[in-house]
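Structure first, commentary second.
The values are calculated or read from the model by the stated rules, or taken from the named source; none is laboratory data. Please read all numbers here as calculations on a predicted model, not as lab measurements. Neighbour counts are summed over all protein chains in view; Cβ atoms, including those assigned to glycine, are modelled from backbone coordinates with ideal geometry. Just so you know, the surface numbers come from the protein's heavy atoms only, side chains and all, with ligands and any DNA or RNA stripped out. Shrake-Rupley method; radii C 1.70, N 1.55, O 1.52, S 1.80 Å.
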Amino acid sequence: VVVKMIPDNRLPPRHLHAVRTAKTFAVIKWESPYDSPDQDMLYAVAVKDLVRKTDKIYKVKSRNSTVEYTIKKLEPGGKYHVIVQLGNMSKESSMKINTVPLSAPDALKIITENDHILLFWKSLALKESNFNESRGYEIHMFDSLMNISAYLGNTTDNFFKVSNLKMGHNYSFSVQARCLFGGQMCGEPATLLYDELGTGKDPSGSEGGRATDVAAIVVPVLFLLLVTLGIGFVVLYMRHRRLQSSFTAFANSHYSSRLGSAIFSSGDDLGDEDDEAPMITGFSDDVPMVIA
């Protein structure tokens, strides 16, 4: 069974949805009120800015059953209400779109001074072409011990001074592109934990300091151990050479060239030989000496 819809220009567009949403544009898609239009259809796309309270209307002409359209010149972090209907003001299809906000600032760091801290970050204009430094940044703080959030202020610089911090409190600081129109169009926040714990230092800095202290202790100890081992090897080597030289001299003093080897005798052996050998007392005059 084949069913064909009867053309009716009073029907609304079907299946209106967002295909892609970016910072400054959005791609939307819908289908015609009925299948296979036999002529060009004129659509009216109304875009209402819910933050600035402004309206824009675009006209789109297409004969396709599926229509795709890109809404441009939107603002990052904006909120919009999109209405699509035929040009004869028939029934409408609508949807809401939230554009992607500006990115968070990079390299947020804390430098601890005597009675205050300084927050530093990279300029957001380095990676966001839609951001102007004149818009500035806003800084927020959260005290986890008191469970209190506070707005510290805004600045057009890339640093901010924070004073009057309480000892032993843990703070979280966030920096983002300044919100526009009643705080409805904001950038993504960059957040950093400042764990004071009574020391007034950033936890990352404390960990780095502890690591440096440990390294300062371990490295000299290892160096001394290496030097001690080196000296020990040198002493053992010298003693070995001395013993080898003494043994060589001792062996040479007992070397027999006739036998071709060294002869060593103990005291006991010498004593036995002396007992067995006849004692020579002298020579008598009446005993002739025969020389062969």
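General remarks:
- Selection status of Asp55, more than 22 Å from Lys79 (Cβ to Cβ) and of a type in the set (Asp, Glu): no
- For Leu11, the conditions (1) farther than 30 Å from Gly183 by Cα; (2) part of a loop (DSSP other than H, G, I, E, B); (3) open to solvent by less than 40 Å² (accessible area, probe 1.4 Å) all hold with the exception of (3).
- Contact annotation: residue pairs with Cβ atoms under 7 Å, 6 or more positions apart or on different chains, pairing a residue in the stretch 18-42 that is among the acidic types (Asp, Glu) with a partner that is open to solvent by less than 50 Å² (accessible area, probe 1.4 Å) and at pLDDT 90 or above, are Glu31/Pro13; Glu31/Ser65; Asp35/Ser65; Asp40/Ser62.
Listed here are the residues, each with its yes/no results for (1) closer than 29 Å to Ile111 by Cβ; (2) out of contact with any His (no Cβ under 6 Å at 6 or more places or on another chain); (3) assigned to a helix (DSSP H, G or I); (4) modelled with pLDDT of 75 or more.
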site	(1), (2), (3), (4)
Ser206	yes, yes, yes, no
Arg210	yes, yes, yes, no
Val219	yes, yes, yes, yes
Leu222	no, yes, yes, yes
Ser246	no, yes, yes, no
Ala251	no, yes, yes, no
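- Counting only strands (runs of 3 or more DSSP E) that sit wholly inside the stretch 24-127, those with at least 3 residues that are among the β-branched types (Val, Ile, Thr) are 54-62, 66-71, 79-86, 109-112.
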